[in-house]
Every structure is written in structure tokens, then in C-alpha cells.
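What follows draws every value from the coordinates through simple rules; no lab data is involved. Fair warning: this is a prediction, and the values are worked out from it, not measured in the lab. Cβ: placed from backbone, ideal geometry, glycine included. Neighbour counts: every protein chain shown.
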Amino acid sequence: MPNNEYRKAEGLNWSLAKHMLTSPRQYLHALDNPVVPTPAMAFGTAVHSAVLEPDDFDELHVVVPDDFVTASGALSTAKAAKEWKAQQAENAILLTAPQLAAIEAIKANIRKHSDATAALELCDQREIGLYWTDGQTGIDCKCCPDAYNGFRVLDVKTWAPRGKFSADAFMREAVNRGYLGQLGFYALGILGATGHKVECMQFLVVQSVAPFDVMLLELDVDAMAFAYEQAREVLDKVSDWIEAGRPNEGAEPSVVLCNLPWAKTDAADDGSDLEGL
């Protein structure tokens, strides 16, 4: 569905609600300061379009002339470049020639991955906005899963790890960044909007730098339970915050007794970077 229509629709979405896992103050800051897409995020969005809605991508993408691309690969801010950009359609997907080549390589590697190809074929509902009222809290919610088919949900992530491109490394990042909770939220949305309970949650992970590798990751029973629990936790926190009068509290409103950080058993952030939305 058109992104501007989804953004204007009423309802709590995960990209905002997830900040409540940190604190109401983080949530309010995110509410008042919408994310400005970075070049990496814009590329991730283009990959989503190419993978999930290839017909639209073929129609909408435009290659930026080399003269309007800076040495860093960004669109120039020179007058001629701005005038060229103003002439493009509002929903045009602007790509440099190397970015388009990278996307074509990603698509080719997905085609070589039989399980990834099958997962995309099964999840034939793409980028459809879902709206529902949470039965436990009464909160109006919305979500726009990348792809689903009623009983499974698939989330596409572009990723440029500084270390190894592996399932374990990705899952550590996914837990730290709330991406499992996002899948859980999508599952709640599918259930609330369609009546279908999701029984399979998957990530299609594509490497955003050469060699543009591909992984299809499926959550096991414990990971799915965690995904549902985190989504549920966020909704409960938002509900409790509303009932408390919407206080502007920080992450730790009282003193915290700390131990040695290296004694903790939580997996450390490996410094990698998830770029997808």
C-alpha cells in the first residue's frame, strides 16, 4: 500500500511502540522526532520494493545520472542535481548505478536460494496495512508486514555486518533491536485483522554489500514465544503508561545497583548494523 496512506492512518505501530521497552521518555522523544531516513535506510527500502513488489520497482526506479552523484555515492546538492530530482515523480525510487547493480545481485542470489524463493512465493500478501484493536488493552494498532499468507509471516532485512554474516550474529542483533518483537507484533496484527494465527515466523536476510549473500531464518518454538511475549510486553507497557497519566519517566527513575558488566551473560552487541525497516 502507499507509504503515505499507511503513515496517515490512526493506530500504534511497532516502530514507535518499541521505544517503550526503554522508557516513556524514549517513546515520547520518538513520537515528537520522526526518523529521517539515512542513505542506508533508503537503500533498504529500495531492496524491499525490488524483492517484494518487483513490478512496482521496475516501474518506479530511476537511475541518477553519474554527474549528480558525489564521490561518497550520495546525490549531489548542486543546483542542477536538485532541479533534476524535482522533475522526478514523488514516489520515484532514486538509485545510483552501483546501487541498482547491487539490487540486481541480491535478486539473483535470492533466486539461487530455493527455500527463500519458496518462502516468498508462499507469502503472497505483500506490504498490506493491517488495522486492529488489541483485545487485552483496547489500543488501536496498525502494522504493515513485509509479506504473509495468514499462517506465516516473512520480514525482509538488509544487513551489513562488520563481522561474520551468520544466523547467530543476526539473531543477536535482532534481539537487541527488537526485531523479534516486531515479528510478534505483525503476528498479533494478522490475528486481529484476519483471524489467522501465525504458526511460522521467518527473516529473509540479505547482505547489503558484496557478495550480497542471502539467508532464510525461521524462528523455533522458543524464539516465537519470545517474539509474542515482547510484542505483548510493549502493548502492556503502553497501556499502563496511559493509565498512569502518560508520565515522562526515563529508563531508570531510581538508583540502580550495578555489578561488573562483563559478568553478565547477555550476548554482547557485535557492532554490526541492521539497515532494513
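Of the residues in the stretch 145-188, how many are out of contact with any Ser or Thr (no Cβ under 8 Å at 6 or more places or on another chain), small (Gly, Ala, Ser) and under 30 Å from GLY135 (Cα atoms)?
Selection size over the stretch 145-188: 6.
State all residues of the stretch 90-105 that are within 20 Å of PRO37 (Cα to Cα) and among the charged types (D, E, K, R); if no residue qualifies, say none.
The answer is GLU90, and nothing else.
What number of residues within the stretch 158-189 satisfy the criterion of being more than 14 Å from the chain's Cα centre (by Cα), closer than 19 Å to LEU120 by Cβ and surrounded by 24 or more Cβ atoms within 10 Å (Cβ to Cβ)?
Matching residues across the stretch 158-189 total 1.
Is there any pair with a first residue in the stretch 137-157 that is surrounded by 18 or more Cβ atoms within 10 Å (Cβ to Cβ) and a second that is among the hydroxyl-bearing types (Ser, Thr, Tyr) whose Cβ atoms are under 6 Å apart and which are 6 or more apart or on different chains, and what are they?
THR137/SER239; LYS142/TYR131; CYS143/TYR186; CYS144/TYR6; PRO145/TYR186; VAL153/TYR186
Which condition number in (1) outside any loop (DSSP other than H, G, I, E, B); (2) under 24 Å from VAL175 (Cα atoms) is the one that ASN109 fails?
(2)
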